[in-house]
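Here the structure is laid out as structure tokens; the discussion comes afterwards.
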Amino acid sequence: MNSFFYSKSEEMKKLIAGNWKMHGDKDFASGLAKGIINAVSNHLDKADILVCPPFVHIDAVANILKGSQVETGGQDCTYVEEGAYTGDVSANMLKDIGCSYVILGHSERRQYHGETSELVSKKAIAAHQAGLTTIICVGENEAERKNGQAQAVVGKQLEESLPSCATDQNTVIAYEPVWAIGSGLTAQPIDILTMHRFIYEKAQEKLESVSDLRILYGGSVKPENAAEILNTEHVHGALIGGASLKVESFLGIVSQI
Ligand code: PGA
């Protein structure tokens, strides 16, 4: 088999990650966490489950999830360790309150906060030093896809966002075409396969080993399309926004594995 295009998709445990974004109050977050523990308990042999609540709810959620195998993550962190940085949250702080993952470079951070790939790389270094696994997001926008630049854009983002300390153990990559996020539109399986293969190939250039590298797809994943997406080759899980906010739809995705 050509190792260039080979990833252990079938053998690898999938990662299903819920990105709760800026939704809900503390009661909502606690209720959702409790509901998810019960709902996914029969699926934990097939999938790793992660939820990423807003910063202010992480403590409550992590306490509820303690001992359950469902993991907690942050949606962002800063690259500095500590100091006079009003409003920032460090990677060590996330680790301290029970996070094992952090999402970095989500397109909403890139779009609304002007985050560059260089900044994402610096954040990833801090996160790895704190012992967090990073989920590094990449993806092209609609105009870039229409102009045939999708791979060039994603390739550049990967090149610049992955720090030299990234490994297939401490890093997960999430391919999220910007035009598919929250829009109800999803990429076609062939486009997902092609891009995931390309990401795998690019990652081979950057990382020492890619045999355990997980590449997630994100963008309007829902129970109705999850089976097709999750069964696509080189797709090792999903990053889910809207559909992760209800136990029913989150379980509807998890149960397709
Ligand atoms: P969506 O969001 O599932 O609501 O499209 C995905 C994401 O932004 O991670």
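The values are calculated or read from the model by the stated rules, or taken from the named source; none is laboratory data. Owing to the predicted nature of the structure, the values given are computational and were not obtained by experimental measurement. Virtual Cβ from ideal backbone geometry, glycine too; neighbours counted across all protein chains shown.
Does L193 qualify as being hydrophobic (A, V, I, L, M, F, W, C) and at pLDDT below 95? Judged against the criteria, L193 is not a match. Within the range 38-60, the residues that satisfy the criterion of being under 18 Å from the mean Cα position of the chain (by Cα) and part of a helix (DSSP H, G or I) are F55, I58.
Checking V51, V61, V102, V70 one by one, the residue that is surrounded by 21 or more Cβ atoms within 10 Å (Cβ to Cβ), touching a Pro at 6+ places or on another chain (Cβ under 6 Å) and closer than 23 Å to L32 by Cβ is V61 and no other.
State which residue is nearest to the ligand (Cβ to nearest atom) when the search covers only the range 116-144 and only residues that are of a type in the set (D, E, K, R) and surrounded by fewer than 20 Cβ atoms within 10 Å (Cβ to Cβ). By that ranking, first place goes to E142. Name the residue that is farthest from V210 (Cα to Cα), counting only residues in the range 232-257 that are within 11 Å of the ligand (Cβ to nearest atom) and either among the aliphatic types (A, V, I, L, M) or in a loop (DSSP other than H, G, I, E, B) (or both). The selected residue is L245.
Once the range 89-99 is narrowed to residues that are touching a residue at least 40 places away in the same chain (Cβ under 8 Å) and buried (at least 18 other Cβ atoms within 10 Å of the Cβ), the residue that is nearest to the ligand (Cβ to nearest atom) is C99. Taking the options G74, G31, G35, G83, name whichever one is in contact with a strand residue (DSSP E or B) (Cβ under 6 Å, 6 or more places away or on another chain) and modelled with pLDDT of 95 or more. Criteria check complete, one pass: G74. With respect to E108, is the statement that it is over 30 Å from I37 (Cα atoms), within 16 Å of the ligand (Cβ to nearest atom) and buried (at least 18 other Cβ atoms within 10 Å of the Cβ) true? Criteria not met by E108. Scanning the range 172-231 for residues that are without any contact (Cβ under 8 Å) to a residue 60 or more places away in the chain, away from the ligand (no atom under 16 Å from the Cβ) and charged (D, E, K, R) gives K202, E205, K206, E208. Among the conditions (1) part of a loop (DSSP other than H, G, I, E, B); (2) under 18 Å from the mean Cα position of the chain (by Cα); (3) within 19 Å of T134 (Cα to Cα), the only one that L94 does not satisfy is (1). It is to be established whether one or more residues within the range 81-88 are in contact (Cβ under 8 Å) with a residue 40 or more places away in the chain and within 28 Å of S183 (Cβ to Cβ). No, there is no match, as no residue in the range 81-88 is in contact (Cβ under 8 Å) with a residue 40 or more places away in the chain and within 28 Å of S183 (Cβ to Cβ).
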